[in-house]
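Engineer: Here it is, the structure in full.
The values are calculated or read from the model by the stated rules, or taken from the named source; none is laboratory data. In this text the structure is predicted, and so the values were computed from the model without any measurement. Neighbour counts run over all protein chains shown; Cβ positions are idealised from the backbone, glycine included. Remember, those area values only see protein heavy atoms, side chains included, never the ligands or the DNA or RNA. Shrake-Rupley method; radii C 1.70, N 1.55, O 1.52, S 1.80 Å.
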Amino acid sequence: MTPRFTREELRSHRGDVVPDLLPGEGEDRDVRLLFVGINPGLWTAATQTHFAHPGNRFYPALERAGVSGRRIDPAAGMDDADREHLLDRGIGITNLVPRATARADELTAAELREGGDRLRATVRRVRPRVVAVAGITAYRSAFGVRGATPGRQPDALEGAELWVVPNPSGLNAHETVESLARAYAEPARAAGVV
């Protein structure tokens, strides 16, 4: 059941951090595909679940693409079984910037550049096969690649194949679950997840 949050309740989560969905220290699990969001929204912070807003199309697109292997409804917060399922499939999730905001445009250019450095460190530590950054504008800012286009990038990121895919937020209105599924399936195939 989807919770109902008041605006005030959501605002109280501004600045919160949502933990990465990654194997724990010492766990013997491969991360084959690491999805990278821009930063947590307030609903995500309130539920402590990445891409949790009911209008976000991330999980429906993963299901449609065959990436998740089953339906996941995170609006009320992802349960441990769903987290374990994604980790068992070799899927991890992180963000460029860890702090929650109402909108990604509240982030500064400096935060995004620091997020690029943070992501490099995460990739060195976790060693995913493929990294998929969800959002071309944030990617360009974080890595200083002004002319970057969506899709597979010409350079690897710390040894991982690098893709830029569309952001699944409902604010990215020209994308549909179908178009997102097609875009997410490409790096998932490269990672051997589908």
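Engineer: Give me the Debye-computed log₁₀ of I(q)/I(0) at q = 0.10, 0.14, 0.18, 0.20 Å⁻¹ for the chain, equal point scatterers on Cα only, no solvent, two decimals.
Structural biologist: -0.36, -0.74, -1.31, -1.66
Engineer: Please tell me the relative contact order of the chain in percent, rounded to the nearest whole number, where contacts are Cα pairs under 8 Å and at least six residues apart.
Structural biologist: Working: 368 pairs, mean separation 54.5, N = 194.
Worked out over the chain, it gives 28 percent.
Engineer: Let me ask something else. Which FRET efficiency value, to the nearest 0.05, is calculated for Arg189 and Val145 with the Förster distance at 25 angstrom and r the Cβ-Cβ distance? Working shown, then result.
Structural biologist: Details: r = 23 Å, r/R0 = 0.94.
The pair Arg189/Val145 has a calculated efficiency of 0.60.
Engineer: To continue, here is another question. At q = 0.21, 0.22, 0.25 Å⁻¹, work out log10 I(q)/I(0) for region 28-92 with the Debye formula, treating every Cα as an identical point scatterer and leaving solvent out; two decimals please.
Structural biologist: The Debye formula, applied to the Cα set alone, gives -0.88, -0.96, -1.22.
Engineer: Here's another thing I want to ask about it. Accessible area of region 106-194 with a 1.4 Å probe: how many percent of it is carbon plus sulfur? All intermediate terms of the calculation are to be shown ahead of the outcome.
Structural biologist: Numbers: 2170 of 4450 Å².
Solvent-exposed carbon and sulfur of region 106-194 make up 49 percent of the total.
Engineer: Magnitude of the Cβ-charge dipole of the chain, K/R +1 and D/E -1, about the Cα centre, nearest 20 debye?
Structural biologist: On the way: 26 positive and 26 negative charges, 97 e Å.
The calculation lands at about 460 debye.
Engineer: For Asn172 and Asp105, calculate 0.36 nm times their separation in residues minus their Cα-Cα distance, and state this gained length in nm to one decimal.
Structural biologist: On the way: separation 67, 0.36 × 67 = 24.12 nm, distance 1.29 nm.
Between Asn172 and Asp105, full extension yields 22.8 nm more.
Engineer: Applying a 10 Å radius around every beta-carbon, put 36-48, 82-94, 173-185 in order of their mean neighbour count, most first.
Structural biologist: Listed from highest to lowest mean packing, they are 36-48, 82-94, 173-185.
Engineer: Report in % the part of the accessible area of region 14-54 that belongs to carbon and sulfur, leaving out ligands and nucleic acids; probe 1.4 Å.
Structural biologist: Numbers: 780 of 1730 Å².
Percent of accessible area from carbon and sulfur atoms in region 14-54: 45.
Engineer: A further question follows. Using the Kirkwood formula over every pair of different C-alpha atoms, what hydrodynamic radius in Å results for region 123-194? Walk me through the numbers before you get to the answer.
Structural biologist: Numbers: mean 1/r = 0.0787 Å⁻¹.
Final number for the Kirkwood radius of region 123-194 is 12.7 Å.
Engineer: With each label point set 7 Å from Cα along the Cα-Cβ vector, what nm distance links Arg120 and Arg29?
Structural biologist: Output for this residue pair reads 2.8 nm.
Engineer: Let me ask something additional. Over the chain, average the accessible area per residue using a 1.4 Å probe and give it in Å², no decimals.
Structural biologist: The answer is 49 Å² per residue.
Engineer: Starting from 0.36 nm per residue, how many nanometres of slack lie between Arg83 and Asp20 once their C-alpha separation is accounted for?
Structural biologist: Gain on stretching Arg83 to Asp20: 21.6 nm.
Engineer: Let me ask something else about it. Ranked highest first by the average count of other Cβ atoms within 10 Å around their residues, in what order do 100-113, 49-62 fall?
Structural biologist: On the way: 100-113: 15.4, 49-62: 22.4.
Output ranking for 100-113, 49-62: 49-62, 100-113.
Engineer: Here's something else I'd like to know. Report the gain in length on full extension from Leu10 to Ser179: 0.36 nm times residue separation, minus Cα-Cα distance, nm rounded to one decimal. Could you put the intermediate results ahead of the total?
Structural biologist: Numbers: separation 169, 0.36 × 169 = 60.84 nm, distance 2.95 nm.
Separation in residues times 0.36 nm, less the Cα-Cα distance, equals 57.9 nm.
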